[in-house]
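Engineer: Sharing a structure here in structure tokens format.
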Amino acid sequence: MTKKQRSTLIRIIVSTLLLAALWAASGALASAMTALGAPVPAAALIRLALYMIPYIIIGHDVIRKAFKGIKNRQPMDESLLMCIATMGAAILAFYEDMTGSVGEYEEAIAVMLFYQTGEWFQSVAVGKSRRNISELMDIRPDHATIMTDGKAEQVDPDEVAIGSEIIVNPGEKVPIDGIVTEGTSSLDTAALTGESLPRNIGIGDEVISGCINLTSPLTIRTTKEFGESTVSKILDLVENASSRKSRSENFITKFARIYTPVVVYSAVALAVLPPVARMLFLSTDPAWGTFIYRALSFLVISCPCALVVSIPLSFFAGIGGASHAGILVKGSNYLETLSEADTVVFDKTGTLTKGSFEVDAVHLSPLSEEELIKTVALAESASSHPISVSLKKACKKEPDLSRVSNIEEIAGHGIKAVVDGKNVAVGNTRLMVDVGARYVECPDDAGTVIHVAIDGDYAGHIVISDVIKPDSAAAIQHLRSSGIKRIVMLTGDASKIADSVAKTLGISEVHPELLPQDKVQWVDDAITGRGAEKGRLAFAGDGINDAPVLSRADIGIAMGAMGSDAAIEAADVVLMDDNPLRIADAIGIAKMTLRIVKENIVFAIGIKLLCLLLSALGIAGMWLAVFADVGVMVLCVLNAMRALITTKSVA
Amino acid sequence: MKKSYKIEVDCANCAAKMEEATKKTEGVKDAVVNFMALKMNVEFEDGADPKEVMPRVITACKKVEDDCEIYL
């Protein structure tokens, strides 16, 4: 609680007690007046003075603000409305006192009291929500520990230059992106990825700022400045996310701009027209008091606060909850678009599959599987082609480079090299034709086939394939069950491979053999072809070479983007880990947030209109009016906080 | 040039008013007030000096919403 909130709370308590005391003593007061034989005006003045004490205690700042508003020509604010309403009620009470009956001052004070209580509650609730959300996103490191002259020194992360060695002790956050140069440990990446299992790391591994070191000290050589590090980028992105306003928020701003003046003018009309009509046409008592009272209730209801507070808060909570689950949404508008998605287009490699190849089988080789892979790995030792990298990984052992010589890489064919004095050729069928080896086509059609020839004789082939991520199939199912109508896979791979992956995952629509520009074209056609239909198209890619597609789609989702600047730039939604299940989670969070937003809009506007109607008819008094103002707002704020509770699919 | 400032304000409606007032201030190209993060992002006109513009922004904001604070 801030100082201001505490003082408001004290004022609320004091004036409540005073009001209760006055109310309890009012009978005694009245009989005392009669006993003393005070004339009616004097008694009325004494009552006014007494009741003004709690009124001033609770309302002085509102009154002051209202007058400042008038002075600065910004009169249309709620302080003024509250002033007019409560002062109006007090004047009515005084008028009744003067005419000999007993006026109800209690109401004027109680309304102000209610209003302040509501404001206080709102301020506390919003503050609490803000803190909750910030805590979820609390990944900002406080300091970095650097070694100077053999002594550890804590400095501001901003002051650490690229290439410095920093020390991260267990329990501390990694402050800056870098590479481990000493130590092994496990890292808690939950704040970044939502992934609950710790990640084991050792020398040579890249670490990303924002992770928490769990077990033992690490020395890290920084590769970026703090401002360029993952943690700064994410914080910047999330903090600015709510600046990109959604259509709902813009609607509310516009609505509020019209709503308040309309209600104020209606109030004036309500105060003037019925009494005048009664006088002129019905020739009855104009009942000015009644209608002015009803008009005052109108004024209390006119504040659009419930809407202007709860709608942005819902989005803010949704974005905060999502970021806690490892899903960064760049703006409220994207959350809104995401909730309307009915088509999800996937890029295959790196999104549904791991993007790294594994050896499926070795066929027709005179050598043992292990021997063949080792030979091939040696021949490919100098190549950085993804296939070579995967084969080297399959070999497991570090290649002994002294066994290889005369490496020759022939683009589009493969590699020729001398291994242990033998001429080894590794590549596709064209290379086999070149070296005169009689190759055999592979009957297994789901993977990429690498043929091998040794000294011109065919030595079998290795079938490798891209591995489907373990959660991909579940992700597709989740998407279907969450109402995504059309799921499409785009890939640059051959149709055999694409079909086989699609079949495994249960995707019916596949477009293979697309170059990056074809993918953009396809997405463009899909969006324009759909015309004015309602649904939105989301594209999910790994963000490495599909930036143009990410930006063309209605909403671009980049996966596994931890540390990839290009992806964070191009995408609208960034998934911190590369688990495709998060796409369904993200859509789920978006839908939930938008449902809450709609609930709040309907609830707040509905209750307000109902209360306006009831008070115009004189069925409800100012009490209900105050509920319509602050009660609805508090309920909406509480409802908005539900968006913070995010459900996450397992794994 | 863009700069970000911490602010203190009580209600979302008031934050919206501050945003309007800041946008109209001379030397300011665009402004976004983020009530939730209690931050204000101001984009200045080319050649405008934030040190010279910001006091005007504060005066303008105080005028529409007495209860606000901008930390320079």
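FYI, it's all coordinate maths here, none of it is from the lab. Only a predicted model underlies this, so the values are computations on that prediction, with no experimental measurement involved. Note that each Cβ is placed from the backbone with ideal geometry, even for glycine, and that neighbours are counted across all protein chains shown.
Engineer: Give A:LYS348/A:LYS416; A:LYS173/A:LYS233; A:LYS3/A:LYS598; B:LYS24/B:LYS62; B:LYS3/B:LYS63 a once-over and call out the pairs whose C-alpha atoms are over 24 Å from each other.
Structural biologist: Correct reply: A:LYS348/A:LYS416; A:LYS3/A:LYS598.
Engineer: FRET efficiency for A:SER356 and A:ARG438, Cβ-Cβ distance as r, R0 = 25 Å, nearest 0.05?
Structural biologist: About 0.20, to the nearest 0.05.
Engineer: Note down the magnitude of the dipole of the protein assembly as shown about its Cα centre, charges +1 on Lys and Arg C-beta and -1 on Asp and Glu C-beta and zero elsewhere, to the nearest 20 debye.
Structural biologist: 3080 debye
Engineer: Tell me which of A:GLY447, A:SER101, A:LEU9 sits at the most positive position along the dipole axis of the protein assembly as shown, charges placed on C-beta atoms (Lys, Arg +1; Asp, Glu -1).
Structural biologist: Of A:GLY447, A:SER101, A:LEU9, it is A:SER101.
Engineer: Could you size up the charge dipole of region A:354-467 around its Cα centre, putting +1 on the beta carbon of Lys and Arg and -1 on that of Asp and Glu, and report it in debye to the nearest 20?
Structural biologist: That gives a dipole near 240 debye.
Engineer: Now for a different question. What is the angle, in °, between the Cα long axis of helix B:12-24 and the longest principal axis of the Cα atoms in chain B? Nearest 10 is fine, range 0 to 90.
Structural biologist: 20 degrees
Engineer: For a Förster distance of 45 Å, can you work out the FRET efficiency between the beta-carbons of A:VAL155 and B:GLU20, rounded to the nearest 0.05?
Structural biologist: For A:VAL155 and B:GLU20, the calculated efficiency is 0.60.
Engineer: Next question. Could you tell me which residue out of A:PRO175, A:MET633, A:ILE583 lies farthest along the dipole of the protein assembly as shown toward its positive end? Charges go on the beta carbon: Lys and Arg +1, Asp and Glu -1, centred on the Cα centre.
Structural biologist: With unit charges placed on the Cβ atoms, the residue in question is A:MET633.
Engineer: With charges only on Cβ, +1 for K and R and -1 for D and E, what is the dipole size of region B:2-71 about its Cα centre, in debye, rounded to 20?
Structural biologist: In total the dipole reaches around 100 debye.
Engineer: Please give the peptides A:577-587, A:172-182 ranked by average Cβ packing (other Cβ atoms within 10 Å per residue), highest first, as a rough proxy for protection.
Structural biologist: A:577-587, A:172-182
Engineer: Summarise the partner chain shielding of B:35-43 as one whole number: the mean count of Cβ atoms from other chains within 10 Å of each residue's Cβ.
Structural biologist: The mean count of partner-chain Cβ atoms within 10 Å per residue comes to 5.
Engineer: Report the one residue of A:SER185, A:SER323, A:LEU92 whose Cα lies farthest in the direction of the positive end of the charge dipole of the protein assembly as shown (charges on C-beta: Lys and Arg +1, Asp and Glu -1; origin at the Cα centre).
Structural biologist: In the protein assembly as shown, that residue is A:LEU92.
Engineer: If you take the square roots of the eigenvalues of the alpha-carbon gyration tensor of region A:1-71 and sort them as a ≥ b ≥ c, do you get rounded (a/c under 1.5), prolate (a/b over b/c) or oblate?
Structural biologist: Note, shape of region A:1-71 comes out oblate.
Engineer: Once a ≥ b ≥ c are taken as the square roots of the eigenvalues of the Cα gyration tensor of region A:354-467, is the result rounded (a/c under 1.5), prolate (a/b larger than b/c) or oblate (a/b not larger than b/c)?
Structural biologist: It is rounded, given that a/c, with a ≥ b ≥ c, falls under 1.5.
Engineer: Of the peptides A:288-298, A:269-279, A:605-615, A:147-157, how do they stack up when ordered by the mean number of other Cβ atoms within 10 Å, highest first?
Structural biologist: Listed from highest to lowest mean packing, they are A:288-298, A:605-615, A:269-279, A:147-157.
Engineer: Moving to a separate point now. Starting from the Cα gyration tensor of chain A, take the square roots of the eigenvalues, sort them a ≥ b ≥ c, and report rounded, prolate or oblate (rounded when a/c is under 1.5, otherwise prolate if a/b is larger than b/c, else oblate).
Structural biologist: It is prolate, given that a/c is not under 1.5 and a/b is the larger ratio.
Engineer: If I take every Cα pair under 8 Å that is 6 or more residues apart in region A:1-136, average their sequence separation and divide by the length, what percent do I get for the relative contact order?
Structural biologist: 31 percent
Engineer: Continuing with the same structure: Please give the residues of region A:508-535, grouped as numeric ranges, whose backbone N is less than 17 Å from a label point set 7 Å along the Cα-to-Cβ vector of A:ASP342.
Structural biologist: A:526-535
Engineer: Related question: Please average, across the residues of B:13-21, the number of beta carbons from any other chain that are within 10 Å of each residue's own beta carbon, and give a whole number.
Structural biologist: Shielding by partners across B:13-21 averages 3.
Engineer: Show me the ranking of peptides A:114-127, A:8-21 by mean Cβ neighbours inside 10 Å, starting with the highest.
Structural biologist: A:114-127, A:8-21
Engineer: Another question, if that's okay. Under the √(5λ) rule applied to the eigenvalues of the Cα gyration tensor, what semi-axes describe the equivalent ellipsoid of region B:2-71? Give them in Å, descending.
Structural biologist: Semi-axes from the Cα gyration tensor: 18, 12, 10 Å.
Engineer: Could you state the number of Å between the C-alpha centres of region A:332-398 and region A:598-632?
Structural biologist: 61 Å
Engineer: A further question on this structure: For a quick size check, give me the Cα extents of region A:1-136 along its three principal axes, largest first, whole Å.
Structural biologist: So the extents along the principal axes, rounded to whole Å, are 66, 35, 18.
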